[in-house]
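What follows is a short report on a single structure.
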Amino acid sequence: MGPVSTDTPDNIHATATTQFLAPVRSRGGEKLVRARGLSHWFGEGELAKQVLFNIDLDIYAGETVILTGPSGSGKTTLLTLIGGLRTVQHGSLRLFGQELRGMARQELVRIRRQIGFIFQAHNLFASLTARENVRMALELDAMPRAEMDRRADTILRRLGLGHRLDYRPDALSGGQRQRVAIARALVREPRLILADEPTAALDGASGREVVTLFQELTREKGCTVIMVTHDNRVLDIADRLVTLVDGRIATNVITQESSVICDFLRHCPIFQHMTPAMLAEVAEKMFVEEFPENALIIRYGEEGDKFYLVREGSVEVLVQGRDDPQTNVVLGPGSFFGETALLTGAPRNATVRAREPVVLYSLGKPEFQQALEGSLPFKEELLRAIVARR
Ligand code: CMP
């Protein structure tokens, strides 16, 4: 089967995004990449082989996202689609707010110029020195030669190559060559850096060093980074880890989020009595969920599966009272809901709706029960809440 040419409608995703989302620090920031229902095939007709299946992915400005997964899982295909180096066949892929699908070639070239590419085979020009290789990236801009040299030298020095400015690639080590490639990708201060296995050819120590320098520089300049790697030694630089398996997103995890959640929990009355170790354990099991205005988060009468804590925004609880058919209770940041059904096993006793766009932390039923068992004060606080809410 070949590619089908219908777009995935956006409204499928409108109710809730129930995966881990962007880190809190960058949420509200610009969405640089937005993929919806993105699929991709290699080959044509009968022989077409699907390599990406219905990918939904958002990447926010300032994030460092690592794309990982077994070889052949579609990571590089996804990276090259995002970079405008392949034609989008099916679904939607927006970069810098513009749809890449069906985009004219000239426009694609313009978009690509806002991206810094770093590839494993770093494509340095063998006949040019480190400085000249980096300067190449600036030659598209109308800039005086002295200024180009100054910028090239500054970034090479920053990457520890001040003593190698006039060396050609064959006189540099693998790690040094990769640092030249990084300097070349960063010197124009692009909004987005796409890196494909930048450490694959390097030994452990230089791989780590290259990535650490890379991370420092991209953070300084506020660049967004998408890096394909299966080098376990560098995964910790990611704000978010996206794992692809057989062309599908298997996990999309915010690696820095649990410490943010932990901080938040510490300030919530019901979690205050937990030990720091217990809090950290709970935080790790929480998901971030975003709901648009008016979304129904909990429906009256349904079975309870999750406990929620309001992180940002507010929700209203539509209580079906005996005397008054509906009473509205508004819950804001730090408040929780959805505990009753989990504690009593009864169906949801109210409907809960987003009054505005909300960010919630959710805890699945088994994890909620584990937290109850681990902390008596937590259970007591929750039971007290039920009594108070009657
Ligand atoms: P649960 O029954 O699991 O799902 C609906 C939730 O609404 C319920 O848990 C409570 O968390 C919340 N809720 C119900 N009644 C009230 C109320 N009077 N005040 C605040 N929250 C309520």
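The values are calculated or read from the model by the stated rules, or taken from the named source; none is laboratory data. None of these values were measured; they are calculated from a predicted model. Neighbour counts run over all protein chains shown; Cβ positions are idealised from the backbone, glycine included.
Listed here are the residues, each with its yes/no results for (1) touching a Ser or Thr at 6+ places or on another chain (Cβ under 6 Å); (2) at pLDDT 90 or above.
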{"residue": "R177", "(1), (2)": "no, yes"}
{"residue": "R191", "(1), (2)": "no, yes"}
{"residue": "E209", "(1), (2)": "no, no"}
{"residue": "T224", "(1), (2)": "no, yes"}
{"residue": "H230", "(1), (2)": "yes, no"}
{"residue": "V253", "(1), (2)": "no, no"}
Practice item. Among what's in the range 198-234 and is in contact (Cβ under 8 Å) with a residue 24 or more places away in the chain and polar (S, T, N, Q), pick the residue that is surrounded by the fewest Cβ atoms within 10 Å (Cβ to Cβ). Key: T212
**Study point:** Test result for V315, in contact with a strand residue (DSSP E or B) (Cβ under 8 Å, 6 or more places away or on another chain) and modelled with pLDDT under 95
**Key:** no
Point to revise | Scope the range 207-231; condition of a type in the set (A, V, I, L, M) and farther than 29 Å from G247 by Cα; matching residues | key: L213, L217
Revision key, fill the gap. Conditions (1) crowded, with 20+ Cβ neighbours inside 10 Å; (2) in contact with a Cys (Cβ under 9 Å, 6 or more places away or on another chain) -> E284 fails only (1)
Study note, to complete from the structure: Just one listed residue, out of R233, R311, is part of a strand (DSSP E or B) and either hydroxyl-bearing (S, T, Y) or within 21 Å of the chain's Cα centre (by Cα) (or both), and it is R311
Revision key, fill the gap. Over the range 311-323, the set of residues away from the ligand (no atom under 11 Å from the Cβ) and of a type outside the set (G, A, S) is R311, E312, R322, D323
Practice item. For the range 165-189, name all the residues that are of a type in the set (A, V, I, L, M, F, W, C) and within 14 Å of F214 (Cα to Cα). Key: V180, A181, I182, A183, A185, L186, V187
Review point. Pick from A146, A137, A104: which is in the same structural domain as R164 (by TED's automatic domain parsing), in contact with a helix residue (DSSP H, G or I) (Cβ under 6 Å, 6 or more places away or on another chain) and modelled with pLDDT of 90 or more?
Key: A137
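Just to be sure I understand, how many residues within the range 283-308 are away from the ligand (no atom under 16 Å from the Cβ) and either part of a loop (DSSP other than H, G, I, E, B) or touching a strand residue (DSSP E or B) at 6+ places or on another chain (Cβ under 7 Å) (or both)? Reasoning before the result, please.
Initial filter on the range 283-308 (away from the ligand (no atom under 16 Å from the Cβ)): 283-288, 290, 292-294.
Remaining after also requiring either part of a loop (DSSP other than H, G, I, E, B) or touching a strand residue (DSSP E or B) at 6+ places or on another chain (Cβ under 7 Å) (or both): 285-288, 290, 292-294.
Summing the residues that are away from the ligand (no atom under 16 Å from the Cβ) and either part of a loop (DSSP other than H, G, I, E, B) or touching a strand residue (DSSP E or B) at 6+ places or on another chain (Cβ under 7 Å) (or both) in the range 283-308 gives 8.
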